[in-house]
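Notes to accompany the following structure.
The values are calculated or read from the model by the stated rules, or taken from the named source; none is laboratory data. Please read these numbers as outputs of a predicted model, since none were measured by experiment. Neighbour counts run over all protein chains shown; Cβ positions are idealised from the backbone, glycine included.
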Amino acid sequence: MKQIIFPTITAAFFAGGLSASTIDTAERFLEHNLSDRAKEIFIEIATGADSPQNEKATAIYQLGSIAFNEGNIDTAIREWRLLQENYPEQATEFDIEGKLKRISDIYGDSAEQDLQNAIAQSYIKNGDFYTDEKSETTTIDTSWIPVIDASVAWYDRVIEEFPGTFEAKKAYLKKFAAYVGWRGRGQYDKNFGLYADNYQVTQTLAKLEEILSEFEAVFPDDPNLQRMRYTIAQGYWRKKDWAKTREWLTLIIESDDGVNGFWKDVAEWRLKKVEY
């Protein structure tokens with residue numbers, strides 16, 4: 001049995017109407033977990049009397065996205081509905097209808113309710129008193145579900161819908177990690193990826209090489225590349241494919257670009273005793 005955790009939607013920034021400096025500033029604030037600073041920028045735009053319509057629409061969309069990231073689902077719904085009511089054209093561009101449907105799918109009908117009434121809030125609090133040990137999270141049995149395929153399908157949606165973004169990079173890395181796999185914890189749990197039987201290891205390594213190639217084409221200077229290469233080299237080492245192990249360790253050393261970094265150092269040590 002495994003509890004499923006639904007991912008939040010990271011705010012995607014669009015250039016339409018906003019100045020480059022405003023977008024850059026807000027993005028940097030969010031990257032450094034300074035969402036309150038980013039919200040200040042968007043609130044000023046959304047409420048500014050002189051703000052152009054397309055800038056207001058973008059700001060409202062971003063406020064909804066940030067609220068969603070922070071778990072303020074009701075606030076996100078209010079912002080996105082405001083966008084639908086006042087700026088229907090931009091709401092269509094941002095696929096607000098689709099986002100609201102997905103929220104309802106994930107969180108159920110309760111996400112549609114905005115409990116503003118203080119009396120209603122108190123009733124709910126009183127009800128919670130009697131059942132404070134209940135869980136409002138659905139537990140899903142993932143046995144017989146191809147968990148890696150199911151996981152990767154969601155990461156692929158990010159890569160396809162938000163190409164070249166920070167979110168796409170994150171999705172690539174999670175996809176890579178999913179295929180690397182893990183050891184089952186219990187006596188009867190399965191092993192996945194590089195920890196499974198030899199046939200699956202062979203299939204996994206081919207998939208990891210494919211993902212790495214795609215990732216490198218989009219993010220050629222990303223520092224994760226060396227770690228990913230070493231993961232593949234280690235996979236071949238576990239498989240006792242010494243020729244491929246040397247090939248990937250050598251690639252790590254050649255890709256160091258004079259940095260003399262950690263992964264080059266580890267690769268050089270491993271090359272001295274590949275067969276062991």
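Return yes when residue 184 is outside any helix (DSSP H, G or I), within 25 Å of the chain's Cα centre (by Cα) and modelled with pLDDT of 85 or more and no when it is not. Step through it out loud before you land on a result.
Working: outside any helix (DSSP H, G or I): yes; within 25 Å of the chain's Cα centre (by Cα): yes; modelled with pLDDT of 85 or more: no.
No.
Does residue 215 satisfy the criteria of being assigned by TED's automatic domain parsing to the domain that holds residue 194 and either surrounded by fewer than 19 Cβ atoms within 10 Å (Cβ to Cβ) or in contact with a Pro (Cβ under 7 Å, 6 or more places away or on another chain) (or both)? Working first, answer last.
Numbers: assigned by TED's automatic domain parsing to the domain that holds residue 194: yes; either surrounded by fewer than 19 Cβ atoms within 10 Å (Cβ to Cβ) or in contact with a Pro (Cβ under 7 Å, 6 or more places away or on another chain) (or both): no.
In short, no.
Looking only at segment 44-81, how many residues end up being surrounded by fewer than 16 Cβ atoms within 10 Å (Cβ to Cβ) and farther than 15 Å from residue 103 by Cβ?
Of the residues in segment 44-81, 7 are surrounded by fewer than 16 Cβ atoms within 10 Å (Cβ to Cβ) and farther than 15 Å from residue 103 by Cβ.
I need the full set of residues from segment 157-182 which are surrounded by fewer than 16 Cβ atoms within 10 Å (Cβ to Cβ) and touching an Asp or Glu at 6+ places or on another chain (Cβ under 8 Å), in order please.
Across segment 157-182, the qualifying residue is only 166.
Out of all the residues in segment 222-240, which are surrounded by fewer than 17 Cβ atoms within 10 Å (Cβ to Cβ) and either over 27 Å from the mean Cα position of the chain (by Cα) or at positive phi (or both)? Steps first, please.
Of segment 222-240, the ones surrounded by fewer than 17 Cβ atoms within 10 Å (Cβ to Cβ) are 222-224, 227, 238-240.
Result: 238, 239, 240.
With the condition kept exactly as written, say whether any residue in segment 240-252 is in the same structural domain as residue 166 (by TED's automatic domain parsing) and not in a helix (DSSP H, G or I). So that I can check it myself, show each step before the final result.
Step one: of segment 240-252, the residues in the same structural domain as residue 166 (by TED's automatic domain parsing) are 240-252.
Then drop every residue that is not not in a helix (DSSP H, G or I), which leaves 240-241.
Taking every residue of segment 240-252 in turn, at least one turns out to be in the same structural domain as residue 166 (by TED's automatic domain parsing) and not in a helix (DSSP H, G or I).
Suppose we filter segment 82-105 for residues that are at pLDDT below 75 and either surrounded by 13 or more Cβ atoms within 10 Å (Cβ to Cβ) or assigned by TED's automatic domain parsing to the domain that holds residue 161 (or both); how many remain?
1
Would you pick out the residues in segment 188-233 that are more than 30 Å from residue 144 (Cβ to Cβ), assigned to a helix (DSSP H, G or I) and not hydrophobic (A, V, I, L, M, F, W, C)?
213, 216, 224, 226, 227, 229, 230
Output yes when any residue across segment 32-43 is closer than 24 Å to residue 171 by Cα, at pLDDT below 80 and surrounded by fewer than 19 Cβ atoms within 10 Å (Cβ to Cβ), and no when none is.
Let us first name the residues in segment 32-43 that are closer than 24 Å to residue 171 by Cα, namely 32-35, 38.
This time we only want the ones that are at pLDDT below 80, so: none.
Looking for residues that are closer than 24 Å to residue 171 by Cα, at pLDDT below 80 and surrounded by fewer than 19 Cβ atoms within 10 Å (Cβ to Cβ), one finds none in segment 32-43, hence no.
Take the residues of segment 142-161 that are hydrophobic (A, V, I, L, M, F, W, C) and in a helix (DSSP H, G or I): which is modelled with the lowest pLDDT? Lay out the reasoning, then the answer.
Of the residues in segment 142-161, the ones hydrophobic (A, V, I, L, M, F, W, C) are 144-145, 147-148, 150, 152-154, 158-159.
The next check asks that each one be in a helix (DSSP H, G or I); those that pass are 147-148, 150, 152-154, 158-159.
Details: 147: 81, 148: 84, 150: 87, 152: 89, 153: 90, 154: 89, 158: 89, 159: 90.
The residue in question is 147.
Report, by residue number, each residue of segment 149-180 that is farther than 21 Å from residue 205 by Cα and among the β-branched types (Val, Ile, Thr).
158, 165
Can you tell me which residue is farthest from residue 25 (Cα to Cα) among those in segment 40-74 that are free of Cβ contacts under 8 Å to residues at least 12 places away in the same chain and within 25 Å of the chain's Cα centre (by Cα)?
72
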